[in-house]
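Taking it in order: structure first as structure tokens, then the write-up.
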Amino acid sequence: MEHDQPDAEAWSDALKLYTWLCTFVAVSPREHDEWWVDVGAIMRLETQDPRGWESIDPYEGEEERIEDPLFPWLETPSSPEDAERYRRLVDEIPRSSVRSLIVRLGAGSDRRDLSSVPGWEDSRQEMERRADVILSRFPGTTRFYTNLVWKPAQPDFYEQPVRGHAPFSQYDWDAGLIAVNDEEVAVLWNFLST
């Protein structure tokens with residue numbers, strides 16, 4: 001379901017999906033043909049949202065970040081040469097599966113089937129509403145990528161347990177979404193210690 005483009009207030013409200021979670025959300029202008037360079041700039045906090053909208057950095061001002069400016073990332077892509085290595089860590093997912101992944105990132109769950117998470121059905125509708133707002137920022141030409149391993153080709157991240165992940169962070173478990181179009185690049189990432 002396509003929605004109108006959100007405004008700053010709607011975007012900020014939608015990011016409440018990640019309240020009480022260790023989740024990173026940032027959008028930057030797309031400035032490189034090789035968009036992995038833009039992803040790296042986001043991870044290194046070198047960019048600002050092109051619309052001036054809210055971002056989430058759970059480590060801003062935290063001791064871990066002061067000691068290691070890249071925290072929580074293991075490393076970040078910084079050149080076109082890095083792109084090939086990073087490309088192998090993600091798979092493209094269809095837009096029809098992105099909503100359920102955005103919600104999964106907001107559920108703070110690792111590999112479990114979300115239907116087994118206590119309170120899931122009570123919170124599902126509101127989580128989906130917020131996920132739809134987040135997704136609506138990105139036009140139909142946007143391509144989406146995740147580090148999660150799944151089956152089949154059209155994954156439903158609610159009902160199937162995640163089979164694994166390619167780690168990007170120093171955490172035991174991290175799950176993320178990268179959105180890329182001609183104008184913007186976004187990184188939404190959840191971190192868990194299991």
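A few remarks follow.
- Note on region 19-51: among residues that are more than 18 Å from residue 83 (Cα to Cα) and open to solvent by less than 10 Å² (accessible area, probe 1.4 Å), the one that is farthest from the chain's Cα centre (by Cα) is 27.
- Among the residues of region 18-41, the one identified as outside any strand (DSSP E or B), within 15 Å of residue 174 (Cβ to Cβ) and at pLDDT 95 or above is 39.
- Looking across region 100-140, the residues that are under 21 Å from residue 7 (Cβ atoms) and either part of a loop (DSSP other than H, G, I, E, B) or in contact with a Ser or Thr (Cβ under 7 Å, 6 or more places away or on another chain) (or both) come down to 137, 138, 139, 140.
- Residue count for region 133-154 under the criterion of being charged (D, E, K, R) and more than 14 Å from the chain's Cα centre (by Cα): the result is 1.
- Selection status of residue 130, open to solvent by 10 Å² or more (accessible area, probe 1.4 Å) and in contact with a Lys or Arg (Cβ under 9 Å, 6 or more places away or on another chain): yes
- Residue list for region 52-110, restricted to those being open to solvent by less than 20 Å² (accessible area, probe 1.4 Å), closer than 16 Å to residue 187 by Cβ and among the small types (Gly, Ala, Ser): 83, 106
- Filtered by the rule that a residue be open to solvent by 60 Å² or more (accessible area, probe 1.4 Å) and at pLDDT below 85, region 111-127 gives 111, 112, 115, 116, 118.
The values are calculated or read from the model by the stated rules, or taken from the named source; none is laboratory data. Since the model is a prediction, treat every value here as computed from it, not as a measurement. Positions of Cβ are generated from backbone atoms using ideal geometry, with glycine treated the same way; all protein chains shown enter the neighbour counts. Side chains included, ligands, DNA and RNA excluded: accessible areas come from the protein's heavy atoms. Shrake-Rupley method; radii C 1.70, N 1.55, O 1.52, S 1.80 Å.
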